[in-house]
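Novice: Take a look at the following structure, please.
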Amino acid sequence: LEQMISSTEGVLVYFSSPDCNVCQVLKPKLMGLMEQYYPEIKKVYIDLSIQPKISGQFSVFTVPTVLVFLDGKEFTRKSRNLSPMELIKEIERPWNMMHS
């Protein structure tokens, strides 16, 4: 994951667990919007019930948590109650600046 982040222009990492109902509802909405607005951004799903150690590496202590990396650096971090459309709008300016 760290190698992907450092070598990819944009990466969205979605941390979740199977017992999180909010996560299950939010994931398809967010991933659909990301694919619609930013198909170039790599999308990664991390199931913390399978990979619990990774939560410590990225300081993720609640689910759902979404991290967006642009040019290898953490751009934004959203947890729990997040609006997919607000995240889309937040990414817009820096993403467009990177591609102008």
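Novice: Tell me which residues, restricted to the range 42-96, are hydroxyl-bearing (Ser, Thr, Tyr) and out of contact with any Asp or Glu (no Cβ under 7 Å at 6 or more places or on another chain).
Specialist: Hits for the range 42-96 are Tyr45, Ser49, Ser55, Ser59, Thr62, Thr65, Ser79, Ser83.
Novice: If you check every pair at least six apart or on different chains, which have Cβ atoms under 8 Å apart with a residue in the range 16-39 that is under 14 Å from Thr65 (Cα atoms) first and a residue that is open to solvent by less than 80 Å² (accessible area, probe 1.4 Å) and assigned to a helix (DSSP H, G or I) second?
Specialist: Correct list of pairs: Ser16/Cys23; Ser16/Lys27; Ser17/Cys23; Leu26/Pro84; Leu30/Pro84; Leu30/Leu87.
Novice: For the range 67-100, which residues satisfy the criterion of being closer than 13 Å to Ile41 by Cα and small (Gly, Ala, Ser)?
Specialist: Correct list: Gly72 only.
Novice: If you don't mind, another one. Of the conditions (1) part of a helix (DSSP H, G or I); (2) open to solvent by less than 70 Å² (accessible area, probe 1.4 Å), Glu92 fails just one. Which one is it?
Specialist: (2)
Novice: Let me ask something else. In the range 14-73, which residue that is aromatic (Phe, Trp, Tyr) and out of contact with any strand residue (DSSP E or B) (no Cβ under 6 Å at 6 or more places or on another chain) is nearest to Gln3 (Cα to Cα)?
Specialist: Across the range 14-73, the extreme among qualifying residues is Phe58.
The values are calculated or read from the model by the stated rules, or taken from the named source; none is laboratory data. Being a predicted model, the structure only gives us computed values, none of them experimental. Methodologically, a virtual Cβ is constructed for each residue, glycine included, from the backbone with ideal geometry; neighbour enumeration extends over all protein chains shown. These area figures cover heavy atoms from the full protein model, side chains too; ligands, DNA and RNA do not enter into them. Shrake-Rupley method; radii C 1.70, N 1.55, O 1.52, S 1.80 Å.
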